[in-house]
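Accompanying notes for the structure given below.
The values are calculated or read from the model by the stated rules, or taken from the named source; none is laboratory data. Since the structure is predicted, the reported quantities are computational estimates derived from the model, not experimental observations. Here the Cβ is made from the backbone with ideal geometry for all residues, glycine too, and neighbour counts use every protein chain on show.
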Amino acid sequence: MNILVTGGLGYIGSHTCIELINAGYHPIVFDNLSNAKKQVIDRIKTITGKEITFVEGDIRDESALSSLFEKYQFNCVIHFAGLKAVGESVQQPLKYYDVNVNGTLTLLRVMQHHNVYQLIFSSSATVYGIPDTVPIEESAPTGQTTNPYATSKYMVERVLEDTSASNPHWKFIILRYFNPVGAHQSGLIGEDPQGIPNNLMPFISQVAVGKRDKLSVYGNDYETKDGTGVRDYLHVVDLAKGHLSAVKYISTSKGTTAFNLGTGNGLSVLEVVEAFKEHNKVDIPYVITERRAGDIDSYYANNSKAKKLLNWQAELDLEDMVKDTWHWQSNNPNGYDE
Ligand code: NAD
Ligand code: WQD
């Protein structure tokens, strides 16, 4: 069964391709390489023993997408392609709305034209904005977003709801990821951020490998167990398996259905740092600094809907997350650049 995977050479997409291949699906990856390296293709082959089909192209290029849909018969689309840096989205909102919103509209038009009506969308827990309570349920209010990146995800969610309401052929699964971390157990693929990492786990692993002097812990005066921010860190392989569950579920679903993908456990910044040190036997020097603008104290999922309907739950724990991150980073100190 052919599955179109947009953005499939990226961090989450590449791990999802492996799970798809292992389950007997044939992923066809469409990616413009703006945040991915071609080396990923060979590494997926080393891990799975199978080739993925890769087509280079931009999600906003309607004619390139049309050619792809003419060449291959797709059963469903998993749509990862997009931009994800919160800070950059504040600086360059037009770019973010163009790629994330306009790109999705282009994809939907081409799908409709070729009678492909099933799409799984990479959304983000950030659509909940500042939640009233944690753990966060899917029914919590969305849309009170705090940056253009988050707003672009919310806008696409609304587009999907309106589109499926207009025509019962459409089936959309919205996956709201919490904080994906870790890497494939092989150590061959993982997160390869360009420049200074924005997110906690890649920053810690770059400190561990000696690329950064120390971690700045953004505030220890939050209303949390130890004063540092609490998040729902989720192993990327578990997240990838969540997409496999969604692929199996989508044909039986109706309209648009949203799921939280998270472990349901809140972990503090210092808990992650301590686990990284303990399990990998490395030092992580850190200093406590000011809070980062826009951060909130606690954010974690109620994941019972995914457990019930997708039959999915995270199986890997914090020890797996920090060990697999370090395995990838220590084997590939410069990411995919040899
Ligand atoms: P990533 O940057 O590693 O992967 C995105 C991929 O899309 C890259 O391979 C990139 O080259 C490609 N791409 C970007 N713009 C494109 C375009 N115009 N046309 C074609 N391809 C394009 O990011 P990721 O972490 O794997 O995230 C995948 C998706 O999940 C994104 O939509 C992201 O917003 C969403 N998401 C990520 C996180 C996270 O923390 N990583 C959390 C929630 C949601
Ligand atoms: C986690 C915790 C920081 C870096 C972001 C996006 C979100 C989603 C996932 C895409 C917080 C603290 C971090 C550092 C630190 N992405 N921290 N020092 O902010 O929960 O979510 O990534 O959809 O949209 O906003 O993740 O990893 O940046 O931060 O102390 O150098 O680590 O304050 O408490 P966040 P993060």
Inset, instruction - Go through region 145-260 and tell me which helices (runs of 4 or more DSSP H), entirely inside it, have 3 or more residues that are in contact with a Gly (Cβ under 7 Å, 6 or more places away or on another chain) and aromatic (Phe, Trp, Tyr). - result: none
Inset, instruction - Would you mind finding the one in Leu68, Leu94, Leu33 that is near ligand 1 (Cβ under 7 Å from one of its atoms) and of a type in the set (A, V, I, L, M, F, W, C)? - result: Leu33
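Here's the yes/no breakdown for (1) among the charged types (D, E, K, R); (2) near ligand 2 (Cβ under 8 Å from one of its atoms); (3) over 18 Å from Phe276 (Cα atoms); (4) surrounded by 22 or more Cβ atoms within 10 Å (Cβ to Cβ):
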site	(1), (2), (3), (4)
Gly190	no, no, no, yes
Pro193	no, no, yes, no
Pro197	no, yes, no, no
Gln206	no, no, no, no
Asp213	yes, no, no, no
Ser216	no, yes, no, no
Glu223	yes, no, yes, no
Asp226	yes, no, no, no
Gly229	no, yes, no, yes
Legend entry - Given (1) within 11 Å of ligand 1 (Cβ to nearest atom); (2) in a helix (DSSP H, G or I), index of the condition Thr46 fails: (1)
Inset, instruction - Please work out which residue is farthest from ligand 2 (Cβ to nearest atom), limiting yourself to region 116-150 and to residues that are free of Cβ contacts under 8 Å to residues at least 12 places away in the same chain and polar (S, T, N, Q). - result: Ser139
Inset, instruction - Just one of (1) modelled with pLDDT of 95 or more; (2) closer than 26 Å to Ile189 by Cβ trips up Leu309, so point out which. - result: (2)
Inset, instruction - Search region 1-30 for residues being of a type in the set (Phe, Trp, Tyr) and over 15 Å from the mean Cα position of the chain (by Cα), and hand back the single one that is farthest from ligand 1 (Cβ to nearest atom). - result: Tyr25
Inset, instruction - Could you give me the residue pairs with C-beta distances under 6 Å whose first residue belongs to region 320-331 and is touching a residue at least 24 places away in the same chain (Cβ under 8 Å), whose second residue is part of a helix (DSSP H, G or I) and among the polar types (S, T, N, Q) wherever it lies, and which are 6+ apart or on separate chains? - result: Thr325/Ser205; Trp326/Asn280; Gln329/Ser205
Inset, instruction - Within region 75-104, count every residue that is surrounded by fewer than 17 Cβ atoms within 10 Å (Cβ to Cβ) and farther than 30 Å from Ala293 by Cα. - result: 1
Legend entry - Breaking point among (1) crowded, with 20+ Cβ neighbours inside 10 Å; (2) outside any strand (DSSP E or B), for Lys305: (1)
Inset, instruction - Just name the residue that is surrounded by the fewest Cβ atoms within 10 Å (Cβ to Cβ) out of those in region 47-66 that are within 16 Å of Glu19 (Cβ to Cβ) and β-branched (Val, Ile, Thr). - result: Thr48
Inset, instruction - Note down all Cβ pairs under 6 Å where the first residue falls in region 171-190 and is more than 15 Å from Glu138 (Cα to Cα), the second is assigned to a loop (DSSP other than H, G, I, E, B) and hydroxyl-bearing (Ser, Thr, Tyr), and they're at least six residues apart or on different chains. - result: Lys171/Ser253
Inset, instruction - Kindly list the number of the only condition in (1) over 26 Å from Thr133 (Cα atoms); (2) touching a Leu at 6+ places or on another chain (Cβ under 9 Å); (3) surrounded by 15 or more Cβ atoms within 10 Å (Cβ to Cβ) that fails for Asn331. - result: (3)
